[in-house]
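Q: Okay, handing you the structure first.
Laboratory data are not the source of any read-out in this text; all were calculated from the coordinates shown. Being a predicted model, the structure only gives us computed values, none of them experimental. Cβ sites come from the backbone with ideal geometry, for glycine too, and all protein chains shown count toward neighbours.
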Amino acid sequence: MPRGDKEQIMTYPVMLPSNIELEEFNILDIPILSQIHFIKSENIRLSALRDTLLPKLMSGEMLIRNSN
C-alpha cells in the first residue's frame with residue numbers, strides 16, 4: 001500500500017470547529033450516542049436470551065403454549 005509523504009501531509013490545512021459549533025454538535029450527537037449505547041446493550045441482552053431459549057425450544061425441553 002503506498003504511503004503518503006509525511007512532510008507533505010503536515011502542510012495540509014485543517015479546519016477546527018469553534019466552541020459554539022462543538023456545543024451545537026454535542027446537543028445533537030450526545031442523545032444519538034446514548035441511544036446507540038442502549039440499543040447495543042439491548043442487542044447483547046436479547047442475543048443471550050435467544051442463545052438460552054432456542055436450544056431448549058428446538059430440543060423440546062421447553063414448549064410454547066397458546067394462551068387462547
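Q: For the Cα atoms of the chain, what angle does the longest principal axis make with the long axis of helix 19-59, in degrees from 0 to 90, nearest 10?
A: 30 degrees
Q: Mind checking the full-extension length gain between Leu33 and Glu61? Use 0.36 nm per residue of separation minus the Cα-Cα distance, one decimal, nm.
A: Here the answer is 6.1 nm.
Q: Could you sort the peptides 47-53, 13-19 by per-residue average Cβ neighbour count (10 Å cutoff), highest mean leading?
A: The peptides rank, most packed first, as 47-53, 13-19.
Q: Moving to a separate point now. To the nearest 20 debye, what charge dipole does the chain have about its Cα centre, counting +1 at the Cβ of each Lys and Arg and -1 at the Cβ of each Asp and Glu?
A: 600 debye
Q: Test of understanding: what is the full-extension gain from Leu22 to Asp51, defined as 0.36 nm times their sequence separation minus their Cα-Cα distance?
A: Gain in length upon complete extension: 6.3 nm.
Q: While we're looking at this one, here's another question. Around Ile64, what is the net charge, scoring Lys/Arg as +1 and Asp/Glu as -1 over all other residues with Cβ under 15 Å from its Cβ?
A: Spelling it out: positives minus negatives among the neighbours equals +2.
Q: So what's the back-of-envelope 222 nm ellipticity for the chain, counting only DSSP H runs of four-plus at -39500 (n - 2.57) apiece and dividing by all residues, rounded to 500?
A: Rounded to the nearest 500, it is -23000 deg cm²/dmol.
Q: Give me the one-decimal Kirkwood hydrodynamic radius in Å for the chain, with the sum taken over alpha-carbon pairs.
A: 17.8 Å
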